[in-house]
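J.: Pasting a structure below so you can have a look.
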Amino acid sequence: MTRALGLAAQALFLSNPNPRVGCVITAPNGQVLGEGFTQQAGGPHAEVMALRDAARQGHDVQGATAWVTLEPCAHQGRTGPCCDALIAAGIGKVVASLEDPNPLVAGQGFARLRAAGVAVEVGQGAAQSRELNLGFFSRMVRGTPWVRLKVAASLDGSTALHNGASQWITSEAARADGHAWRARACAVLTGVGTVLADQPRLDVRAVATPRQPHAVVLDSRLQTPPDAPVFIACRACWIYAAGQFCTETDRAAFAARRQALEARGATVTLLPGSDGRVDLKAVLQDLARHGVNELHVEAGHTLNGALLDAGLVDELLLYLAPTLLGPGRGMAARAPLADLAQGIPLEFESVQPVGPDLRIVARVRGRALF
């Protein structure tokens, strides 16, 4: 199972929106007959890859054990049910880490295996598999992606000077590490203020990746320029707006801007909130419907604060540079608190150096209990 989990990790940048799954097939004497991990969406899942690997080596898998990090699927999607493939191959036993939270599976794979006479054990590697698939579990159980908020700051918490200068507070090593976290996400989200001020591409350049994360822009009044660098090929660009107007002139101007952005390939969705801005919770729910498991946020302090105040952030990815910048723009513009107990409680998942900087991964306490 340790080997299967290692294989699942190889699907980190690859399998979205499908879960990251690994599979190892062993003979009764422990010999590894075949192994594999889930490929890009529409491609074979881990179990099929392992069966193909065994066949390629000329191994007979009759009566063998399949060690898999998630319940074999039992539904017809872009590929066939993996439980049926295991049954047809003559696998005698399946050891799985977890039940699949997808309602289309949710124990049906195990039931079909047992009905065919295949022995099933569940539990080994459960914590590691769930951690590797936090976004998938979040989408299936909560109906929203796992939201990771990335911030680069000085040691005293400044993300930019008062004049907006922020390139570069952290090192090249930290920026490359941040791109690796982008690569594992299904989508990267920012606000229109960042689009206008920094001209970001929101893509992965500093590390090799087989796919680019989709781009998400929160833009209440559709101020995103049609020639913004965020529009790159081979990925979706979703823009969420409020679409609330004071005059017919405003409505007509908004419609013209929307037409220009949609001509550029963007999908523009109106999700107005009660405050006249975009409804943040509705955005997350819509992204989940688009198959977004992990959402990587790289935004300014205003949007960061809004997401935190709304309780929509699951995890902080924080890079601290060994420098003091004094007063400037902070990590998040949040509403003032009246009591220390109102702070957002966090738990450190990891703290480690990245080049000259420090990377902290901190999770909101109580999250990932699904």
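The values are calculated or read from the model by the stated rules, or taken from the named source; none is laboratory data. Worth saying up front: this structure is predicted, and the values here are computed from it rather than measured. As a convention, Cβ positions derive from the backbone with ideal geometry for all residues, glycine included, and neighbour counts pool all protein chains shown. When the accessible area is computed, the model is the full protein with side chains, heavy atoms only, and any ligands, DNA or RNA have been set aside. Shrake-Rupley method; radii C 1.70, N 1.55, O 1.52, S 1.80 Å.
J.: Give me the accessible area per residue for region 58-132, probe 1.4 Å, as a whole number in Å².
T.: It amounts to 42 Å² per residue over region 58-132.
J.: While we're on this one: For region 187-243 and region 34-51, what is the centre-to-centre distance using only Cα atoms, to the nearest Å?
T.: What the calculation gives is 31 Å, centre to centre.
J.: Mind listing the phi-derived Karplus ³J(HN,Hα) values for region 277-293, rounded to whole Hz, using 6.51, -1.76 and 1.60 with θ = phi - 60°, and x for any glycine or proline?
T.: 9, 5, 6, 5, 5, 5, 4, 4, 5, 5, 5, 4, 5, 7, x, 7, 8
J.: OK, next. Report the antiparallel proportion of the DSSP beta bridges in the chain as a percent, rounded to a multiple of 5. Kindly include the intermediate steps, with their values, before the conclusion.
T.: Values: 25 of 60 bridges.
Taking every DSSP beta bridge with both residues in the chain, the antiparallel ones total about 40 percent.
J.: Right, here's the next one. Sorted from largest down, give the three principal axis spans of the alpha carbons of region 61-102, whole angstrom values.
T.: So the three principal-axis extents are 28, 21, 9 Å.
J.: (1) 31, 60, 9, 0; (2) 29, 59, 12, 0; (3) 27, 50, 21, 1: which one is P(r) over Cα pairs in 20 Å bins from 0, in percent as calculated from this entry?
T.: Given (1) 31, 60, 9, 0; (2) 29, 59, 12, 0; (3) 27, 50, 21, 1, the structure-derived one carries the label (3).
J.: Relative contact order for region 1-53 using alpha-carbon pairs under 8 Å, separation at least 6, rounded to a whole percent? Write down the numbers at each step before the final one.
T.: Details: 108 pairs, mean separation 16.6, N = 53.
Reported as a whole number, the value is 31 percent.
J.: Which of the peptides 302-313, 247-258 is most tightly packed, and how do the rest follow, judged by the mean count of other Cβ atoms within 10 Å per residue? Show your work: numbers first, answer last.
T.: Values: 302-313: 18.6, 247-258: 12.8.
Per-residue mean Cβ counts within 10 Å order the peptides as 302-313, 247-258.
J.: Take each of the peptides 124-136, 166-178, average the number of other beta-carbon atoms within 10 Å over its residues, and list them starting from the highest. Spell out each step's value before the answer.
T.: On the way: 124-136: 20.2, 166-178: 17.8.
Going from most to least packed, we get 124-136, 166-178.
J.: Computed over the Cα atoms, what is the radius of gyration of region 1-95 divided by 2.2 N^0.38 Å, N being its residue count? Could you put the intermediate results ahead of the total?
T.: Details: Rg = 12.0 Å, N = 95, 2.2 N^0.38 = 12.4 Å.
Taking the Cα Rg and dividing by 2.2 N^0.38 Å, one obtains 0.97.
J.: Continuing with this model, one more query. Defining a contact as two alpha carbons under 8 Å apart and six or more residues distant in sequence, what relative contact order in percent does the chain show?
T.: On the way: 814 pairs, mean separation 59.1, N = 370.
Relative contact order comes out at 16 percent.
J.: Over the residues of region 156-261, compute the C-alpha Rg and express it relative to 2.2 N^0.38 Å.
T.: 1.24
J.: How fast does region 277-350 diffuse by Stokes-Einstein, in µm²/s, taking the Kirkwood radius from C-alpha pairs at 20 °C and 1.002 mPa s? Walk me through the numbers before you get to the answer.
T.: On the way: Rh = 14.5 Å.
Rounded, D is 147 µm²/s.
J.: Taking the Cβ-Cβ separation of His179 and Arg264 as r and a Förster radius of 30 Å, what is the calculated FRET efficiency to the nearest 0.05?
T.: Numbers: r = 24 Å, r/R0 = 0.81.
Efficiency computed from Cβ-Cβ geometry: 0.80.
J.: Given the options His59, His214, His301, which has the most mean-square fluctuation in a GNM of the chain, springs set between C-alpha atoms less than 10 angstrom apart?
T.: Among His59, His214, His301, the largest GNM mean-square fluctuation belongs to His59.
J.: Bin width 10 Å, origin at 0, all Cα-Cα pairs of region 12-157: what percent of pairs per bin?
T.: 12, 42, 30, 9, 5, 2, 0
J.: Relative contact order of region 79-149: what whole-number percent is it, with Cα pairs under 8 angstrom and at least 6 residues apart? Spell out each step's value before the answer.
T.: Details: 63 pairs, mean separation 22.4, N = 71.
It rounds to 32 percent for region 79-149.
J.: Name the long-range amide H neighbours of Glu294: under 5 Å, sequence gap of 5 or more, or other chain; modelled H, no Pro or chain starts.
T.: Answer set, sorted by chain and number: Trp146, Cys186, Ala187.
J.: Show me the three semi-axes of the equivalent ellipsoid for region 228-370, from the C-alpha gyration tensor (sqrt of 5 times each eigenvalue), largest first, rounded to whole Å. The partial results should precede the final answer.
T.: Numbers: eigenvalues 208, 76, 60 Å².
Working through the eigenvalues yields semi-axes of 32, 19, 17 Å.
J.: To check you understand DSSP bridge types, tell me what percent of the beta bridges within region 21-132 (both residues inside) are antiparallel, rounded to 5.
T.: Numbers: 9 of 17 bridges.
Around 55 percent antiparallel, to the nearest 5.
J.: Here's a follow-up. With no solvent and one equal point scatterer placed on each C-alpha of region 251-312, evaluate the Debye formula and give log10 I(q)/I(0) for q = 0.28 Å⁻¹, two decimals.
T.: -1.22
J.: Rounded to the nearest 0.05, what FRET efficiency is calculated for Ala335 and Ala165 with R0 set to 45 Å and r the Cβ-Cβ distance?
T.: Values: r = 26 Å, r/R0 = 0.58.
Approximately 0.95, to the nearest 0.05.
J.: Using the Karplus curve 6.51 cos²θ - 1.76 cosθ + 1.60 with θ = phi - 60°, what ³J(HN,Hα) values do you get for each residue of region 44-51, in whole Hz, with x for Gly and Pro?
T.: Result, rounded to whole Hz: x, 7, 4, 4, 5, 4, 5, 5.
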